[in-house]
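Beneath this line is the structure, given in C-alpha cells, with notes to follow.
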Amino acid sequence: MKILLFGCDGQLGTHLNEALPNVAGVEELSGYGINDLNLSHLDRLRQVINDEKPNLIINAAAYTAVDKAESDVELAAKVNAEAPSVMAEVATILNAGMIHYSTDYVFDGTATRPYSEDDIPNPESVYGSTKLDGENAVLMHCKNSLVLRTSWVYSMHGQNFLRTILRLAAERDELKVVGDQIGAPTTTRALTDASLKLVQYFMLHNGFSETVSGVYHMTCGGETSWCGFARAIVSASEYSDTRVLDIPTVDYPTPAKRPAYTVLSNKKLFDTFGISLPDWEAALIECMQEE
Ligand SMILES: NC(=O)c1ccc[n+]([C@@H]2O[C@H](COP(=O)([O-])OP(=O)(O)OC[C@H]3O[C@@H](n4cnc5c(N)ncnc54)[C@H](OP(=O)(O)O)[C@@H]3O)[C@@H](O)[C@H]2O)c1
C-alpha cells in the first residue's frame with residue numbers, strides 16, 4: 001500500500017506525515033509540501049501523481065487563509081478546487097482512492113442544530129465556496145473517495161487560534177474574543193487518529209466502495225464559541241489570570257464573512273465506520289499537555 005500525502009507541512013499534514021508510517025500495511029508514504037510541489041501547477045501535479053502511482057491520495061493541502069482568499073480568488077480556487085479535481089481524476093485513472101479534507105465554512109451558519117451531510121451547503125466566503133467546489137470535484141471524479149469536513153483545526157504547531165491566544169495572553173491582561181460564532185474546535189491529533197482508522201478501513205476493504213464513498217463530518221464533540229475556546233485555553237495555561245471578554249462579531253470586522261453556527265453532526269461517521277472523536281475540551285487539554 002502506497003500513500004501520496006499532499007500538504008505534509010500543514011497543521012494536519014504534519015501530524016499525518018508522522019503517524020502514517022506506523023500504520024500496519026502502509027509500505028510507502030510520499031509526502032509533498034508546498035516547497036516540493038506548488039499545487040497551482042496542475043500539469044506538474046498530474047505528472048507527480050502519475051509517477052508516484054499511489055494506492056491512496058490524502059489531500060491535507062489547502063488555501064486556508066480565509067480573509068486573504070477574498071482578494072486572492074484565483075489562487076484559492078486553484079488550490080482548493082482545481083488541484084483536488086486533478087488529484088481525483090488521476091486517482092481514478094490509476095484505480096486509486098482519495099481522502100480529501102473540507103470545512104464547516106461550506107455552510108452559511110443559519111442552522112440551529114448540528115449540520116448533517118444532507119444539509120445544503122451555502123458558503124458565504126471565497127474560502128468556503130472554493131472548498132465546496134473542491135468537494136464536488138473530488139466526489140464527481142473519484143467514486144473511491146471520502147470528503148471529510150472538519151472545523152476550527154489547531155495543534156501546538158503551526159498558525160492557529162490556540163497559539164495566537166497563548167501569545168496574546170502572555171502579553172496582555174485582557175483579551176476580547178468573538179462570542180457569537182459557535183463551532184467545534186478540533187485537534188490535528190483527533191483528526192489524525194480518526195483518519196488512520198479510515199486508512200485501515202481502506203486497506204481492509206480494498207478501497208471505499210460506492211456505498212461508503214461520500215461526505216462525512218469529522219470534528220471533536222461538543223460546541224463552544226471562539227470566546228469559550230479562548231477562556232478554556234487561558235485557564236489551562238500559565239496565564240490563567242488573563243481576562244477574556246466576550247464581544248460580538250460586529251465589533252471584530254473581517255474581510256470574509258464567518259458563519260454564526262457551524263456545529264457538525266458526526267453521526268454518519270460513527271454509524272458507517274464506528275469512529276468517534278473526543279470532546280473538544282478533553283482534546284484541548286491533551287493537546288496542551290503534549291508540549
Ligand atoms: N485550519 C482550520 O481551522 C480548518 C478548519 C476547517 C477545515 N480545515 C481544512 O482542513 C484541512 C487541513 O487544514 P490545516 O489547518 O492543516 O491547514 P494548513 O495548516 O494551512 O495546511 C495547509 C497546507 O497546504 C499548503 N498549501 C497552500 N497553498 C499551497 C499550494 N499552492 N501548493 C501546495 N501546498 C499549498 C500550505 O502551505 P503554506 O502554509 O506554506 O501556505 C500548508 O502547508 C484543509 O483541507 C482545510 O481546508 C481547516
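Got a sec? Which of Ala62, Ala96, Ala88 is of a type outside the set (S, T, N, Q), closer than 14 Å to Leu5 by Cα, in contact (Cβ under 8 Å) with a residue 24 or more places away in the chain and near the ligand (Cβ under 7 Å from one of its atoms)? Working first, answer last.
Details: Ala96 fails: near the ligand (Cβ under 7 Å from one of its atoms); Ala88 fails: near the ligand (Cβ under 7 Å from one of its atoms).
Checking each option against the conditions leaves just Ala62.
For region 274-291, which residues satisfy the criterion of being surrounded by 16 or more Cβ atoms within 10 Å (Cβ to Cβ) and acidic (Asp, Glu)? Steps first, answer last, please.
Filtering region 274-291 for residues surrounded by 16 or more Cβ atoms within 10 Å (Cβ to Cβ) gives 275, 277-278, 280-281, 283-284, 287-288.
If the condition is that a residue be surrounded by 16 or more Cβ atoms within 10 Å (Cβ to Cβ) and acidic (Asp, Glu), then Glu281 is the only one that fits.
Would you point out which residue out of Ser213, Ser155, Ser209, Ser195 is surrounded by fewer than 16 Cβ atoms within 10 Å (Cβ to Cβ), of a type in the set (S, T, N, Q) and within 27 Å of Ile3 (Cα to Cα)? It would help to see each step written out before you state the result.
Numbers: Ser213 fails: surrounded by fewer than 16 Cβ atoms within 10 Å (Cβ to Cβ); Ser155 fails: surrounded by fewer than 16 Cβ atoms within 10 Å (Cβ to Cβ); Ser195 fails: surrounded by fewer than 16 Cβ atoms within 10 Å (Cβ to Cβ).
Testing whether each residue is surrounded by fewer than 16 Cβ atoms within 10 Å (Cβ to Cβ), of a type in the set (S, T, N, Q) and within 27 Å of Ile3 (Cα to Cα) leaves just Ser209.
Over 21 Å from the mean Cα position of the chain (by Cα), in a loop (DSSP other than H, G, I, E, B) and touching a residue at least 12 places away in the same chain (Cβ under 8 Å): does that describe Glu238? Walk me through how you get there before you give the answer.
On the way: over 21 Å from the mean Cα position of the chain (by Cα): yes; in a loop (DSSP other than H, G, I, E, B): yes; touching a residue at least 12 places away in the same chain (Cβ under 8 Å): no.
Against the criterion (over 21 Å from the mean Cα position of the chain (by Cα), in a loop (DSSP other than H, G, I, E, B) and touching a residue at least 12 places away in the same chain (Cβ under 8 Å)), Glu238 does not qualify.
Here are Ala96, Ala69: which of them is crowded, with 23+ Cβ neighbours inside 10 Å and over 21 Å from the mean Cα position of the chain (by Cα)? It would help to see each step written out before you state the result.
Details: Ala69 fails: over 21 Å from the mean Cα position of the chain (by Cα).
Just a single option satisfies the conditions, and that option is Ala96.
Based on what the data block shows, is Leu39 assigned to a loop (DSSP other than H, G, I, E, B), under 19 Å from the mean Cα position of the chain (by Cα), crowded, with 17+ Cβ neighbours inside 10 Å and not β-branched (Val, Ile, Thr)? Steps first, answer last, please.
Details: assigned to a loop (DSSP other than H, G, I, E, B): yes; under 19 Å from the mean Cα position of the chain (by Cα): yes; crowded, with 17+ Cβ neighbours inside 10 Å: yes; not β-branched (Val, Ile, Thr): yes.
Yes: the conditions hold for Leu39.
Pairs under 9 Å by beta carbon, first residue acidic (Asp, Glu) in region 164-177, partner at pLDDT 95 or above, six or more apart or different chains?
What qualifies is Asp173/Thr242; Asp173/Arg243; Glu174/Thr242; Glu174/Arg243; Glu174/Val244; Glu174/Leu245.
Just name the residue that is surrounded by the fewest Cβ atoms within 10 Å (Cβ to Cβ) out of those in region 72-91 that are over 18 Å from Gly10 (Cβ atoms) and either of a type in the set (Val, Ile, Thr) or in contact with a strand residue (DSSP E or B) (Cβ under 7 Å, 6 or more places away or on another chain) (or both).
Among residues in region 72-91 that are over 18 Å from Gly10 (Cβ atoms) and either of a type in the set (Val, Ile, Thr) or in contact with a strand residue (DSSP E or B) (Cβ under 7 Å, 6 or more places away or on another chain) (or both), the one surrounded by the fewest Cβ atoms within 10 Å (Cβ to Cβ) is Val73.
If you go through region 5-32 one residue at a time, how many are free of Cβ contacts under 8 Å to residues at least 60 places away in the same chain and either part of a strand (DSSP E or B) or near the ligand (Cβ under 9 Å from one of its atoms) (or both)?
The number of residues fulfilling the criteria is 10.
Give me a count of the residues in region 65-76 that are more than 11 Å from the ligand (Cβ to nearest atom) and of a type in the set (A, V, I, L, M). Spell out the reasoning first.
Going residue by residue through region 65-76, those that are more than 11 Å from the ligand (Cβ to nearest atom) are 67, 70-71, 73-74.
Still in the running and of a type in the set (A, V, I, L, M): 73.
Selection size over region 65-76: 1.
Kindly indicate whether any position in region 158-178 is within 16 Å of Leu284 (Cβ to Cβ), within 14 Å of the ligand (Cβ to nearest atom) and among the hydroxyl-bearing types (Ser, Thr, Tyr).
Yes, that holds for at least one residue.
The values are calculated or read from the model by the stated rules, or taken from the named source; none is laboratory data. As the structure is a computational prediction, the values presented were derived from the model and not from experiment. Cβ sites come from the backbone with ideal geometry, for glycine too, and all protein chains shown count toward neighbours.
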